[in-house]
Amino acid sequence: MPLDAIKSRFVQEIKSRGRDDKYIDKNEEREILQIAIQQGIGIETARAAFAGVCEQEDFVVESVLLKQIQEKCGAATANGGMIDQAMFEGFVASASKFARGRKPDAEIRKLIITVMEDHGLNRISTGWFKNWYAALKRELGIA
């Protein structure tokens, strides 16, 4: 199947899956990419076509959002750095801006905490009597 046909198929698949929220999560992305792979398109070519179609159609892709979060958290904890509450809220603001309001702040906070925990980037700066990170996890139902 030619690449142009795959792109038009991607447009159909992306619109059918993300029509409600214009947000493509990891499972939806995997399903869409499998269509291209089944048609004989290489994974890198399929990802590039998928990214182009999502950008063209103004869809937010969760895997791109997660990568951005991981880069910001990694940069903050590089060389022994720690993440404080103000820095965390900056990550939330940045991710919310990238998601263009398609994910509520509570979901964005959960995504950030998940990325931090999964990649060992949860080096947290706390106060003497208060652990804002543990309190936030309890509030979000993650702890």
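Here are a few things to note about the model shown:
- Identity of the residue in region 120-130, out of contact with any helix residue (DSSP H, G or I) (no Cβ under 6 Å at 6 or more places or on another chain) and surrounded by 12 or more Cβ atoms within 10 Å (Cβ to Cβ), that ends up farthest from V60 (Cα to Cα): T126
- Residue in region 61-77 that is outside any helix (DSSP H, G or I), closer than 27 Å to A135 by Cα and in contact with a Phe, Trp or Tyr (Cβ under 8 Å, 6 or more places away or on another chain) present: no
- Any chance E29 is under 23 Å from V92 (Cβ atoms), of a type outside the set (A, V, I, L, M), in a helix (DSSP H, G or I) and assigned by TED's automatic domain parsing to the domain that holds G120: no
- Filtered by the rule that a residue be within 21 Å of Q68 (Cα to Cα) and acidic (D, E), region 107-141 gives E107, E117, D118.
To keep it simple, each residue is scored yes or no on (1) without any contact (Cβ under 8 Å) to a residue 12 or more places away in the chain; (2) within 30 Å of L121 (Cβ to Cβ).
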{"position": "D4", "(1), (2)": "yes, no"}
{"position": "D20", "(1), (2)": "yes, no"}
{"position": "R30", "(1), (2)": "yes, yes"}
{"position": "I35", "(1), (2)": "no, no"}
{"position": "T45", "(1), (2)": "no, no"}
{"position": "V53", "(1), (2)": "no, no"}
{"position": "E62", "(1), (2)": "no, yes"}
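- Selection within region 35-60 - over 12 Å from R9 (Cβ atoms), in a helix (DSSP H, G or I) and not basic (K, R): I37, I43, E44, T45, A48, A51, G52, C54, E55, Q56
- Qualifying residue in region 7-22 (condition: modelled with pLDDT of 85 or more, buried (at least 16 other Cβ atoms within 10 Å of the Cβ) and not assigned by TED's automatic domain parsing to the domain that holds Y133): yes
Condition check ((1) under 13 Å from the mean Cα position of the chain (by Cα); (2) modelled with pLDDT under 90; (3) over 30 Å from K7 (Cα atoms)) across all residues:
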site	(1), (2), (3)
K67	yes, no, no
K72	yes, no, yes
G90	no, no, yes
F98	yes, no, no
R102	yes, yes, no
I108	yes, no, no
W128	no, yes, yes
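The values are calculated or read from the model by the stated rules, or taken from the named source; none is laboratory data. Everything numeric here is computed off the predicted structure, so don't read it as measured data. For neighbour counting, all protein chains shown are included, and Cβ atoms are generated from backbone atoms with ideal geometry for every residue, glycine included.
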